[in-house]
Ligand code: DX5
Ligand code: ZN
């Protein structure tokens, strides 16, 4: 299980996105881009035109997390634009199998995200269709919220489900990942860690990425 860190630019300076991406480019495995539409979540960020521009300016592979209504309509275009990974929410997708297959068909990794209150077991049949499961460890919409420990048992159950499916699916956690919480998420079985405020509010974002990686690797054993 290789630990990966995906800094979220939600907490970066939106007027300097390319520079903010470059600040973590030597340290991060992915750049996590939170697309919010003010309908699926009560916040509005950016969409496909900004992602297309960023893809030209950024070397780190892009991990697009779509917190939008009707991801079936929009998700394949992010993959087609060149995002390395595109994640849709289970609560929003109406035809998840078709959408996940379209994402893969465009050459990207397909992710399925579950909110803290969404049962993993309802989506167990979709696991063979995904390259990554994303378990939200806060209610989606905003950076800087506290990690929800109630999600830890679900992380453990997801790790077991993935092991039963063959073990190659990544298990991402997103929300409240800090030097105080990363270890228990890693111990529970997460291997991809999204971190927004703990990276971009740090004085040295690249060093913050490395510190989170070292802690997660230690805890994962
Ligand atoms: C929240 C977003 C997260 C956010 C995490 O809905 O999906 O990616 O940037 O921010 P932190 O790490 O500050 O909780
Ligand atoms: Zn996110």
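Just for the chain, what percent of DSSP beta bridges are antiparallel, to the closest 5?
5
Percent relative contact order of the stretch 167-221, based on C-alpha pairs within less than 8 angstrom and at least six residues apart?
41
Given the stretch 49-184, report the % of alpha carbon pairs whose separation exceeds 22 Å.
The calculated P(r) of the stretch 49-184 puts 37 percent of pairs beyond 22 Å.
Before rounding to the nearest 500, sum -39500 (n - 2.57) across all DSSP H runs of length at least 4 in the chain and divide by the residue total; then give [θ] at 222 nm in deg cm²/dmol. Walk me through the intermediate numbers first.
Numbers: 8 runs with 78 residues, N = 221.
Estimated from H runs of four or more residues: -10500 deg cm²/dmol.
What does the extension gain come out to for residue 160 and residue 95, with contour length at 0.36 nm per residue minus their alpha carbon separation?
My answer for the length gained is 20.9 nm.
Readers should treat all values here as calculations from the given coordinates under stated rules, not as data from a laboratory. The structure displayed is predicted, hence computed values, not measured ones.
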